[in-house]
Amino acid sequence: MHTSDAIQSARSLLKGRSLLKMSDLSAGELRTVLLQGGRLKRASAEGKLTPILEGRTLALIFEKPSLRTRVTFEVAMTRLGGRSIYLAPADIQLGKRESVEDVSRSLSRWVDGIAARTFAHDTVVRLADSGSIPVVNALSDLEHPCQALADLLTIAEHRCKTTEDPDFSAVRLAFVGDGNNVANSLLVASATVGMSMTLARPEGYGPDEGALREALTLAEGTGGRIQVTDDPREAVRDADVVYTDVWTSMGQEEERETRLQAFRGWCVTPELMQLAKPDAIVMHCLPAHRGEEIAAEVIDGPQSVVFDQAENRLHAQMGLLSFLL
């Protein structure tokens, strides 16, 4: 399909839909979101963006604080001609001052979409089921699909050298650390585009069994190879991309000392990176704890693309919102 036809088709198919998990997007839809994100990134750099979301308003419901998620959604709406309304935890008190369902039904009368950053994945599901407008999972305890979109866009740029029709089949991604929401979304995203991914984590630290089953099933049809191991060296050996994340996420603060013990020896160090391909890139979704999950000389070194990755949250979300809204 011609790229302009693919974009028009995606606009028709995705309009009004929600993105709660990576598996909500088919392979074709996922690739078209990446295509659109890359095109909008270039148009933004050239000052040629058109206000395709003029008159649209996105509500941002945040139960957790954020730098990248809040700023990139707000800037995405502004650059595309729309606007956003930030609703902090105290503004709504989901499920306390008012039910999730009543919040969603009310917002459906006023705004055109919701991006929700919640503790429980069930909250974004209830928001989507109760209202009549698209809901985007901006992070839950189960998945972080917007991060995975930005990650694929970054890998396409650095390893495939194109966002028009990237070939992920030769790319090997190693994720070292907690099998958390980011890892869950990356497993499904990798399998969807036919990329191989090995997740290395200590026994008992994920990934979600449902997300892993989805990824394994998808990989059977796309040729991607999905593996889980408890050996970080095995995962990183000959990898094109080495990815890590914090060991203790928001909401897990009481587990911090236990997790530090469980992940002892799991830091992405220069020595571990020597097992990857010489031109491998390093990724981290941020915020990072230098000296814990990743050494400072790695995240701040020449192989690191973490700030390209952070920037691409903006462009991937512009691509997504341009279809959903």
Karplus 3J(HN,Hα) series, Hz, for segment 311-320 with 6.51 cos²θ - 1.76 cosθ + 1.60 (x for Gly, Pro) | 4, 5, 4, 4, 6, 5, 6, 4, x, 5
With +1 at each Lys and Arg Cβ and -1 at each Asp and Glu Cβ, the charge dipole magnitude of segment 210-304 around its Cα centre, to the nearest 20 debye, comes out at 160 debye
Under 25 Å Cα to Cα from residue 96, which lysines show up? Leave out anything in the same chain fewer than 8 places away.
-> 64
To the nearest 0.05, how large is the calculated FRET efficiency for residue 229 and residue 102 if R₀ is 51 Å and r is the Cβ-Cβ distance?
-> 0.65
Scoring the chain by relative contact order with C-alpha pairs under 8 Å, at least six apart, yields a percentage of 21 percent
Only loop residues by DSSP count here, and only those with at most 13 other Cβ atoms within 10 Å; note down the GluC sites (Glu not before Pro) in segment 134-229 that meet that.
-> 164, 203
Pairs of Cα atoms under 8 Å, at least six residues apart: use those to get the relative contact order of segment 1-145, whole percent.
-> 27 percent
Under the definition of Cα pairs under 8 Å and six or more residues apart, what whole-number percent is the relative contact order of segment 146-310?
-> 22 percent
Calculate the all-directions average of the projected area of the chain's alpha-carbon convex hull, and give it in nm².
-> 15.6 nm²
Shape call for segment 207-302 from the C-alpha gyration tensor, a ≥ b ≥ c root eigenvalues: rounded (a/c under 1.5), prolate (a/b greater than b/c) or oblate?
-> oblate
Long-range amide H contacts for residue 113: which residues qualify at under 5 Å (H placed 1.01 Å from N, peptide plane, sequence gap of 5 or more or a different chain)?
-> 57, 59
Looking at the square roots a ≥ b ≥ c of the eigenvalues of the Cα gyration tensor of segment 146-310, which shape do they give, rounded for a/c under 1.5, prolate if a/b is larger than b/c, or oblate?
-> oblate
Long-range amide H partners of residue 294, meaning residues 5 or more apart or on another chain whose placed amide H is closer than 5 Å, are 268, 289
Using a Förster distance of 30 Å, how high is the FRET efficiency between residue 75 and residue 269, based on the Cβ-Cβ distance and rounded to 0.05?
-> 0.30
Assign unit charges at the C-beta atoms only (+1 for Lys and Arg, -1 for Asp and Glu), then state the dipole size of the chain relative to its Cα centre in Debye, rounded to the nearest 20.
-> 1080 debye
Likely footprinting exposure, 264, 117, 31, 83, fewest C-beta neighbours within 10 Å first = 264, 83, 31, 117
The answer for the net charge of residues other than residue 120 whose Cβ lies under 15 angstrom from its Cβ, with Lys and Arg +1 and Asp and Glu -1, is -2
Can you tell me the alpha carbon radius of gyration of segment 130-197 divided by the globular rule-of-thumb value 2.2 N^0.38 Å?
-> 1.21
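Values in this text are rule-based calculations from the coordinates and carry no lab data. Because the structure is a prediction, the values reported are computed rather than measured. Note that each Cβ is placed from the backbone with ideal geometry, even for glycine, and that neighbours are counted across all protein chains shown.
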